[in-house]
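Data first, discussion second: the structure below is written as structure tokens.
The values are calculated or read from the model by the stated rules, or taken from the named source; none is laboratory data. Values in this document were obtained by computation on a predicted structure and should not be read as measured data. All Cβ positions, glycine included, derive from the backbone under ideal geometry; neighbour counts span all protein chains shown.
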Amino acid sequence: MDWFTFLFAVEVAIGGLLSGVMYALVAIGFVLIYKTSGVLNFAQGAMVLFAALTFVSLTEMGLPFAGALVLTLLAMTLLGITVERAVLRPLANRSPMTLFMATLGLSYILEGLAQLLWGTQVHRLDLGISNDPFEVAGIFISTFDLVAAAIAGAMVAVLTAFFRFTRTGLAFRAVADDQFAALAVGLRLDRIWIAVWTAAGVVALVAGLLWGARLGVQFSLSLVVLKALPVLVLGGFDSVLGAIVAGLLIGATEKLAEVYLGPFVGGGIEGWFAYAVALVVLLVRPSGLFGQKLVERF
Amino acid sequence: MSLVTEFSATPLPPRENRLLAALPLVVILAVAYLAVPLLANEYLIEAILLPFLALSLAGLGLNLLTGYAGQVSLGSAAFMAVGAFAAFNFDLRLGLPLPASMLLAAVAAAAIGLVFGLPSLRLRGFYLAVSTLAAQFFVQWALNKFGWFSNGSASGIIAAPAIGIAGLPLSGPVGRYLFALVTVTAITFLLHRIVNGPQGVNLIAVRDNETAARVIGVPVLRTKLFAFALSSAIIGIAGVIWAFAYLRTVEPAGFNLDRSFQILFIVIIGGLATIRGAFLGAGLIVVFPLVLSRLTGLFFDGVADPGTIELLERIALGTVIILFLIAEPSGLSAILSRLKRRLAAPRAG
């Protein structure tokens with residue numbers, strides 16, 4: 001392999017790592033909810049769509065960036081409260097699979113509602129981040145990807161600090177550890193769930209803005225959930241760190257495979273390759289790289 | 001992580017009651033085999049009964065896997081696609097008669113199902129559910145990418161040949177309906193035998209407590225793979241009916257994730273681990289959008305465009321799912337049982 005093909009491979013890998021950050025960004029929203037309530041929230045993708053679409057439509061109505069942001073955050077909080085009241089509370093103490101299927105229904109509702117409210121056309125979203133690549137030692141890196149990675153990194157840092165140093169974070173961890181014990185010491189489970197779903201809504205908004213700036217804000221945004229799922233199973237459903245590592249891993253292998261393996265099988269393998277990677281790893285470690293060892297409960 | 005926590009083994013009622021209990025089934029079969037072909041119009045058959053039969057069968061297949069064996073699959077549509085495209089190729093390349101190519105298509109779907117069922121030996125719960133998505137995306141990709149599967153047609157569209165058995169043409173609506181009906185009846189009967197036999201008990205044992213099942217000597221691995229293979233075969237045959245009897249022109253994109261979810265919804269709404277649940281759920285899923293579009297047409301005449309109706313349909317479907325999970329987790333099947341008991345009560349008392 002000569003120098004230039006090597007450089008090209010490095011460039012592909014870096015591009016993959018950076019897009020992996022974007023996958024991880026969506027996956028973190030899942031992890032938040034799974035960690036504290038044991039629910040695999042399939043509606044996370046629909047929440048990404050809902051948040052991004054609400055934000056874009058508000059800015060298109062002439063609101064300034066900050067105003068639209070605040071209003072969208074308000075909408076996501078409202079959504080969190082509604083979900084807790086209408087879905088989680090009536091389904092308390094039911095099997096995790098039942099709750100998963102309920103979130104499947106929720107994703108249908110949110111997708112329909114978002115598009116019914118704000119229309120089905122594609123919206124352009126400009127965050128004012130340049131998309132020009134810059135060169136480092138012969139390798140081209142997209143500025144936008146780098147900024148996105150920085151934002152994702154900052155969010156992970158904030159979340160980690162929040163979990164570790166605030167009282168609410170402590171409550172989150174207590175609920176994640178043992179719901180009954182948390183209730184017994186007087187934690188308000190309903191409020192915590194609302195807080196978690198709102199936090200997941202905020203993560204969805206950040207992911208939605210970054211993905212939306214990339215792809216345009218439209219229905220296909222809710223399909224990023226399908227990109228995040230293999231990241232989740234690979235990293236383990238309950239590990240923020242796992243989501244990041246798995247996101248990077250899947251992003252890089254996916255891009256490398258697309259470039260070096262794709263031509264042999266006709267291309268377009270990014271739809272399933274991530275799942276194949278995740279499956280192979282899972283066969284060795286059945287609860288992901290960083291997931292808690294599964295304890296059978298009946 | 002079982003979906004259904006209760007399993008009540010009801011003792012068989014005395015013989016004369018069993019005959020009485022079989023009466024509704026006889027009436028349904030009589031209507032399906034005699035009244036419908038004679039009386040039904042083309043719209044009823046083409047728009048309601050054919051998709052109903054195909055989806056019922058797919059629901060039966062998934063219910064075996066999810067309801068009885070407790071393994072959640074999100075990739076059912078992939079196996080429908082495998083069945084449809086396999087039957088198309090057996091017909092095209094080997095010139096086999098329809099029942100033979102349908103049987104071979106079921107074998108092909110079972111083989112693919114077996115491969116994608118292998119992770120179930122190691123993975124549980126959500127990890128398994130997500131990994132079944134691999135089947136969904138891989139199969140759709142392969143059918144689109146390799147022109148051989150669709151005999152080189154653009155974007156993988158296949159047109160099913162006119163069907164017929166032993167020189168008897170069945171390409172009219174009634175003929176295709178009868179073909180679908182006979183297939184569905186036969187498989188339903190077979191499945192009823194299986195789930196009420198020793199294999200069915202094994203499936204339920206694996207679902208309810210895998211460790212305990214292993215302790216009492218249930219071959220857990222074999223039972224899981226059996227469930228995956230049989231379920232995929234049945235869903236594959238549903239795909240054949242979908243492609244050959246209902247739509248007659250299909251493309252891989254028609255067997256997408258939404259279709260998989262639709263089949264899962266049929267099982268949830270109908271009732272897990274029941275045979276009739278698949279039919280009740282499929283009935284609701286097929287009729288529901290038709291009723292909804294009639295209703296919206298009635299109330300917002302001219303205001304609602306097809307796009308809006310589709311979105312409303314999505315919202316309504318999601319709401320129905322959540323409502324069922326909250327209010328009636330055992331599905332329509334449980335509602336039917338309650339109705340029957342209520343109707344029977346005055347006679348008993």
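Only one residue in B:Val139, B:Val130 is crowded, with 23+ Cβ neighbours inside 10 Å, at pLDDT below 90 and over 30 Å from B:Tyr43 (Cβ atoms). Which one?
On the way: B:Val139 fails: at pLDDT below 90.
Of B:Val139, B:Val130, the one residue that is crowded, with 23+ Cβ neighbours inside 10 Å, at pLDDT below 90 and over 30 Å from B:Tyr43 (Cβ atoms) is B:Val130.
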Practice item. State all residues of the range A:111-128 that are closer than 15 Å to A:Ala75 by Cβ and either in a loop (DSSP other than H, G, I, E, B) or more than 8 Å from chain B (Cβ to nearest Cβ) (or both); if no residue qualifies, say none. Key: A:Ala114, A:Leu117, A:Trp118
Check your understanding: Can you tell which of A:Leu88, A:Leu106, A:Leu113, A:Leu99 is modelled with pLDDT of 85 or more, touching a Phe, Trp or Tyr at 6+ places or on another chain (Cβ under 6 Å) and surrounded by 16 or more Cβ atoms within 10 Å (Cβ to Cβ)?
Key -> A:Leu88
Practice item. Could you please find all residues in the range B:176-189 being more than 14 Å from B:Pro99 (Cβ to Cβ) and out of contact with any helix residue (DSSP H, G or I) (no Cβ under 9 Å at 6 or more places or on another chain)? Key: B:Phe189
Practice item. Just give me the residues in the range B:204-228 being out of contact with any helix residue (DSSP H, G or I) (no Cβ under 6 Å at 6 or more places or on another chain), within 13 Å of chain A (Cβ to nearest Cβ) and more than 16 Å from B:Gly125 (Cα to Cα), in sequence order. Key: B:Ala212
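Listed here are the residues, each with its yes/no results for (1) crowded, with 17+ Cβ neighbours inside 10 Å; (2) not small (Gly, Ala, Ser).
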| position | (1), (2) |
| --- | --- |
| A:Phe219 | no, yes |
| A:Leu226 | yes, yes |
| A:Leu232 | yes, yes |
| A:Gly236 | yes, no |
| A:Gly247 | yes, no |
| A:Gly251 | yes, no |
| A:Glu254 | yes, yes |
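Matching residues to (1) touching a helix residue (DSSP H, G or I) at 6+ places or on another chain (Cβ under 6 Å); (2) outside any helix (DSSP H, G or I); (3) under 21 Å from B:Asn256 (Cα atoms):
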site: A:Ile194; (1), (2), (3): yes, no, no
site: A:Val202; (1), (2), (3): no, no, no
site: A:Leu223; (1), (2), (3): no, no, yes
site: A:Leu234; (1), (2), (3): yes, no, no
site: A:Ile244; (1), (2), (3): yes, no, no
site: A:Leu248; (1), (2), (3): yes, no, no
site: A:Glu254; (1), (2), (3): yes, no, no
site: A:Gly291; (1), (2), (3): no, yes, no
Practice item. Give B:Ile285, B:Ile266, B:Ile309, B:Ile237 a once-over and let me know the one that is surrounded by 15 or more Cβ atoms within 10 Å (Cβ to Cβ) and within 11 Å of chain A (Cβ to nearest Cβ). Key: B:Ile309
Revision key, fill the gap. Across (1) in contact (Cβ under 8 Å) with a residue 40 or more places away in the chain; (2) at the interface with another protein chain (Cβ under 10 Å from one of its Cβ atoms), A:Val245 clears everything bar (2)
Review point. Does B:Leu65 satisfy being assigned to a helix (DSSP H, G or I), within 14 Å of chain A (Cβ to nearest Cβ), at pLDDT 90 or above and closer than 26 Å to B:Pro329 by Cα?
Key: yes
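Just need a number here: residues in the range A:248-280 that are touching an Asp or Glu at 6+ places or on another chain (Cβ under 6 Å) and away from chain B (no Cβ under 12 Å).
Pass one, the range A:248-280, residues touching an Asp or Glu at 6+ places or on another chain (Cβ under 6 Å): A:254, A:258, A:270, A:273-274.
Among the residues that remain, those that are also away from chain B (no Cβ under 12 Å) are: A:254, A:258.
Counting residues in the range A:248-280 that are touching an Asp or Glu at 6+ places or on another chain (Cβ under 6 Å) and away from chain B (no Cβ under 12 Å) gives 2.
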Check your understanding: What helices (runs of 4 or more DSSP H) lie completely within the range B:96-203 and have 1 or more residues being more than 21 Å from the chain's Cα centre (by Cα), within 14 Å of chain A (Cβ to nearest Cβ) and small (Gly, Ala, Ser)?
Key -> B:125-131, B:133-145
Check your understanding: In the set A:Gly288, A:Gly212, which member is more than 11 Å from chain B (Cβ to nearest Cβ) and surrounded by 22 or more Cβ atoms within 10 Å (Cβ to Cβ)?
Key -> A:Gly212
